[in-house]
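Following: one structure in C-alpha cells, then a few remarks.
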Amino acid sequence: MIRRGVDLSHMPDDCVFCSIVAGEIPARTVHETDEVLAFLDANPLAPGHTLVIPKVHVRHVGEIDDDLTSELFAAVAELTPRIRDVVNADAANVGINDGRAAGQEVPHVHVHVIPRFEGDDGSPIHAVAGERPELTDDELDAIAADITG
Ligand SMILES: [Zn+2]
C-alpha cells in the first residue's frame with residue numbers, strides 16, 4: 001500500500017514509522033492527511049494512546065518546516081478531544097520526546113496523545129525530568145537571553 005501524497009524515496013530502511021507510512025507495517029490508523037498520519041500506539045500507556053507523526057522522516061522537532069508544524073499540530077488539536085471523548089478520559093497529556101536522552105525511542109518525530117483518567121496514578125509532564133536544578137535569577141536571566149538570541 002502506498003500512502004497518498006508522500007515521496008517515499010528518502011525514507012530510511014530501518015525506521016518503523018516510515019514503514020508504517022509506507023504501509024509495510026500495519027497500524028490502526030485514526031487520521032490521515034497528505035502530510036500527517038495518526039495511529040494507535042502498539043504498546044499503549046492508556047486506552048486511546050495515539051501517535052501523530054509527519055509522514056516525512058524528520059528526527060527532531062526543530063527540523064520540521066513551518067507548514068508541516070502547523071499541519072501536525074492541527075491534527076493534534078483535532079484528535080485530542082476526539083480521543084478523550086471516545087475513551088471517556090478526563091484529560092490528556094500531549095508531548096514529544098525530542099532526542100534519546102529525553103526518551104525518544106523511534107528517531108522519527110511523534111507526538112504522543114495519552115488519555116488520562118482521574119486516579120490513574122500517572123504523573124504530569126513535570127515528572128519527566130530528573131532532579132530539579134537550583135538556578136539563580138542571574139542564571140535564569142542568562143538562559144532566557146541566550147534562547148532569545
Ligand atoms: Zn521515519
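Values quoted throughout were computed directly from the atomic coordinates according to the rules given, and no laboratory measurement underlies them. Given the structure is predicted, the values throughout are model-derived calculations rather than measurements.
Over region 15-149, the fraction of Cα-Cα pairs per 10 Å bin, rounded to whole percents and listed from the shortest bin up, is 11, 36, 33, 16, 4, 0. Highest GNM mean-square fluctuation among Pro107, Pro26, Pro81, for the chain modelled with Cα contacts below 10 Å: Pro26. Between Glu105 and Leu40, residue separation times 0.36 nm minus the direct Cα-Cα distance comes to 21.8 nm.
Let me check against my output: what whole-number percent is the relative contact order of region 78-118, with C-alpha pairs under 8 Å and at least 6 apart? Numbers along the way, then the final one.
On the way: 45 pairs, mean separation 19.0, N = 41.
Result for region 78-118 is 46 percent.
Specify the residue with the greatest mean-square fluctuation among Leu72, Leu135, Leu45, computed from a Gaussian network of the chain linking alpha-carbon atoms under 10 Å apart. Looking only at Leu72, Leu135, Leu45, the largest GNM fluctuation is found for Leu135. For the chain, the longest principal axis of the C-alpha atoms and the axis of helix 66-87 are separated by about 80°.
Here the ratio of the Cα radius of gyration of region 82-149 to 2.2 N^0.38 Å is 1.50. Bridge orientation summary for the chain: considering DSSP beta bridges with both residues in this region, about 100 percent are antiparallel.
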